[in-house]
Amino acid sequence: LEPVEQSLGFGPARYFRMGKRGVTVGFIGALSDLHFCEQCNKMRLTADGKLRPCLGNQMEVDLRPFLRPAIDREGLRETFLDTLRKKPLEHSFRDYYEPERAMTALGG
């Protein structure tokens, strides 16, 4: 793997090119990079309509009340912004954190 010096996104991934194949892959070193969370710009939408500001934390915010029976655009906007403001400064993976749900249900 050859390091790619340019940033290919806006998140914490570090990119490498596989020389013979010409494929680029990105890795997020959530455990080995102590400053990972400072660069994280991710939030996830779960399959059941909850917004998770951090994959390594149990916090979820239910968006369904803003989608049914009608879409409340302002409520959605404010909820997204409020959830982003509450995004944890650090994940809990180093503390042997285990999500209560499978990663596939979390968007991770």
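The values are calculated or read from the model by the stated rules, or taken from the named source; none is laboratory data. Since we're looking at a predicted model, the values are computed, not measured. Because the Cβ atoms are built from the backbone with ideal geometry, glycine has one as well, and the counts that use them run over all protein chains shown. Accessible surface areas use protein heavy atoms only, side chains included; no ligands, DNA or RNA. Shrake-Rupley method; radii C 1.70, N 1.55, O 1.52, S 1.80 Å.
For the chain, the longest principal axis of the Cα atoms and the long axis of helix 73-85 meet at an angle of about 50 degrees.
Taking every protein chain into account, the accessible area of the chain amounts to 73 square angstrom per residue (probe 1.4 Å). By accessible area, using a 1.4 Å probe on protein heavy atoms only, the chain has 54% of its surface on carbon and sulfur. With the convex hull drawn around the C-alpha atoms of the chain, the volume per residue stands at 140 Å³. In a simple Cβ point-charge model (Lys, Arg +1; Asp, Glu -1; nothing else charged), the range 1-64 has a dipole of about 260 debye relative to its Cα centre. For Thr104, project a label point 7 Å along Cα to C-beta. Then give me every residue of the range 42-83 with its amide nitrogen under 17 Å of that point. Answer for the range 42-83: 46-49. Once you keep just the Cα pairs under 8 angstrom separated by 6 or more residues, what percentage relative contact order results for the chain? RCO, the chain: 22 percent. Grab the Cα-Cα distance for Ala70 and Leu1, subtract it from 0.36 nm times how many residues apart they are, and report the gain in nm with one decimal. Between Ala70 and Leu1, full extension yields 19.9 nm more. In the chain, the DSSP-assigned H stretches of four residues or longer account for a calculated mean residue ellipticity at 222 nm of -5000 deg cm²/dmol, using -39500 (n - 2.57) per stretch and the full residue count as denominator. Highest-first packing order for the peptide set 38-50, 67-79 is 38-50, 67-79, based on the mean count of other beta carbon atoms within 10 Å.
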